[in-house]
Amino acid sequence: MRKLSIYVFSILFLSVSLKADSFSFSFFQNMTDNIFQNRYSAQDKLSHLGFYIDKDFSKISVFTEGSYSYLFENPSLAYYLQDVGLDYLHPVSDKAAFYFSLIGQGVFYRSDYEDFNSLSLNFLAAFKTYLSQTSILKSNYSLDYRSFRYSLFDFVSQGLSLSFDKYFQTRTTLKSEINWGLKYFLHPYSSQEVILVEDSGGHHSGRRSYLFVPRTQFEGQSIQVFSFNGLIAQGIGGNVGFNISGMKQWYLSGENPFTSVEEFYMVENPSYDRFAWAGYQLGAQITLLIPWNIELKIGYTMADKEFPGVESMNLEEELLGVTREDRRRTFETRLEKNFPRFSLFLSYAYVDNNSNDPFFDWHGNFFSAGIEWNMFFGEKK
Amino acid sequence: MEYVFWRKEMKKGLSLFIMFCFLGFWSLTFGQEPQKPLHFYNVDTEKKIKGTIQEIIMEPRYKDTSPFLIIRLEEKKTHQKFIVEISPVRFFTHDFHKGEELEVVGSLYSKEGSQNIIARQIRFRGEIIILRDKRGFPAWRGSDMKQKKRRKGKGF
C-alpha cells in the first residue's frame, strides 16, 4: 500500500505540477535546545519540507499544500500535513470587497502523537473597505471544525473581528482591533478520561508523564474570549519601519478543560491555542532594509498569560492550588533576502518563560534557516 | 487489536486523503484553456519611480480574473502621475494609505493618455516586496510564507 501510494503520489504530483500555474518548494532546517519548552531542555533538530501548488479559475483560486516535518531526536513526533482549499474575492465597489476561503486540512503524526491526528475544515469570510483614502475598516468571520483521532479534543470554534486603521501625514499609522471567539468542545468530559504518554524516557526526558487529564467537573463545554489589539507604526525614511503593539485578552466564560497546557516548538499541541489564556502581550519591532537589499527584523515581546482552569503543579505533579501563570520575554531577529526565483531566510529567537508551575519555568534558543524556490507555469500577464 | 486496526485504517485514510487532494486538483486543472492577457510585462520598458500615493482602488485588469490593487502615484521630482498595477487584491497583504511613500520598479506603458506601470518590486515601510520576477512572472502564482498566512485570511 505504501509503495502504491508513493507511486500514485509521484505521478499525480507531476501531473498536477505541470498543469498548475505554479509550483513552490521550500526547505527549512530548525534547531532548538528546548523542543518541549519546559525546564528539562531537550535538544532537537527539525527538518521541514514543503510544497505548494495553485491554479486560478476565473475569480476562484484553488490550491493545495503539503509538508513533512521530521524531528531527529524525537522521530516518533514527525508529522505530515496536507491541505486543499479555494478562495474567492468579490468586489462590491472600487473601495470595498468581500473575501471567502474554504480549506480542508489533514494532519498525521507518527506513533507518539497519533491521538492528535486530525481532519479539519476552515471557512473564512472577510470584508475590507476604504472609509477614506487614509483609513481602512476590516471585518472577519471564521468557522473551524476539527476532528481528532482521539475524539475528546474535537471542537468547533468561531471568531469575529473588527479592525480600523488610520494613516497620518506624520507617517504614523494607528490600528485598533477587537476580537471575539467561541470554542465549543463537541464531547463532554468524564473523570475516567486520561491519556498516557507512551513513555520513551521517563519523567525527566523532557515531557510530563502524561499529556492531559480532563477535569472531572468541567461545567459547560465552551470557552468564550474577547480581546483588544492596538498598534502604532511609524515610518522613518524609506528604509526603516517601527511599530509598537499591544493585546489584552479576557475570558468571558468557560475555562480550560485540561489540567495541563503544553506548547512544543513547531509541533502543534491541541491543549494550547488562542483560547487557552487570558492576559496581555506587548511588543515592539523594527524593520530595516540593510545593504544588498536584505530585510532585517528585530523584535521584542513580553507577555503575561494566565491559564484559567489550569492549576500549577510542583515537580512531583502535586497540585499547588494556584492558577498557572506564565511571564514570557521573547527576543527575535530575522533576515530575509529575496532573489527572483528563490528566497533565503535566517532567524533566531531567545525565549525566557517564568512560570508559577516550575515545570514550565524555562528558557530556550531557537534557530531556523530556510530556502524557498518557486517555479512558474503559464503566462506572464 | 482495535488500535492496530485503527492504525491501518488511518494509514489507508492518509493515502486516500492525499490522493483525493491531488485528484480533485488535477480534475479541476484538466482541460483549462489558457487566457490571453491584455498586455505583457516588458522588461525593456522598466522604470524606477519614487512617489506619494494619491489614491488606492480595486479594479478588474484582466478578463475573468480577480480584481487588482491599483495605486495612483505622484512622482516626487516631476509631479507626474502614474497608475501602478500592484497585484490581485487577495495576494497583497499590506495596507496602503493616501500620502504614504512608495518606490516602484516596473514596466511602463501608455494607455489612453495615461502612464501605467506594472509593478515588479516595491519598497514600502522599510520592506522590499517582490511582486514579479525579473522576467515579469507574477509572484502570486506561487506560495511563500506571507501567502500561507493570507490563506487564513490574515492579510486581506
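None of the figures in this text is laboratory data; all of them are computed from the coordinates on show. Bear in mind that the values here come from a model prediction, so they are computed numbers and not experimental data. Heads up, the Cβs are rebuilt from the backbone with ideal geometry, glycines too, and the neighbour counts pull from every protein chain shown.
Based on alpha carbons, the Rg and Dmax found for segment A:14-110 are 18.2, 56 Å. Shielding value for A:336-343 is 4, the average number of Cβ atoms from other chains within 10 Å of each residue's Cβ. The calculated FRET efficiency for residue B:50 paired with residue A:280, based on their beta-carbon distance and R0 = 51 Å, is about 0.85. What are the ³J(HN,Hα) couplings of segment A:342-350, residue after residue, when phi is run through the Karplus curve with 6.51, -1.76, 1.60 and θ = phi - 60°? Round to Hz, x for glycine and proline. These are the phi-based 3J(HN,Hα) values: 8, 10, 10, 10, 8, 9, 9, 9, 10 Hz. Taken one residue at a time, the phi angles of segment A:31-45 give Karplus couplings (6.51, -1.76, 1.60, θ = phi - 60°) of 8, 8, 9, 8, 5, 8, 6, 8, 5, 9, 2, 10, 7, 7, 10 Hz. Gly and Pro are set to x.
Starting from the Cα gyration tensor of segment A:271-381, multiply each eigenvalue by 5, take the square root, and state the resulting semi-axes largest first in whole Å. Working shown, then result.
Numbers: eigenvalues 306, 53, 34 Å².
Taking √(5λ) for each Cα gyration eigenvalue gives 39, 16, 13 Å.
If R0 is taken as 41 Å, the Cβ-Cβ distance between residue A:158 and residue A:76 corresponds to a FRET efficiency of 0.75.
Ordering A:39, B:90 by the number of other Cβ atoms within 10 Å of each residue's own Cβ, fewest first, gives A:39, B:90. For segment A:44-133, a crude dipole built from +1 on the beta carbon of Lys and Arg and -1 on the beta carbon of Asp and Glu, taken about the Cα centre, is about 420 debye to the nearest 20. Summarising the amide proton neighbourhood of residue A:90: residues at separation of 5 or more, or on other chains, whose placed amide H is nearer than 5 Å comprise A:98, A:99, A:100. Ranked by how many other Cβ atoms sit within 10 Å of their own Cβ, fewest first, the residues A:277, A:362, A:292 fall in the order A:292, A:362, A:277. Put in order of Cβ neighbour count within 10 Å, fewest first, the listed residues A:139, A:24 become A:139, A:24. Counting only Cβ charges, +1 for Lys and Arg and -1 for Asp and Glu, the dipole size of segment A:255-381 around its Cα centre is about 1140 debye.
Taking loop as defined by DSSP and a crowding limit of 15 other beta carbons within 10 Å, which chymotrypsin sites (Phe, Trp or Tyr not before Pro) in segment B:37-92 fit?
Working: sites: B:40, B:41, B:62, B:68, B:82, B:91, B:92; in loops: B:40, B:41, B:62, B:91, B:92.
Passing both the DSSP loop test and the Cβ count: B:40.
Cross-linked pairs A:166/B:81; B:47/B:134; A:166/B:47; A:183/A:248: Cα-Cα separations exceed 22 Å for A:166/B:81; A:166/B:47.
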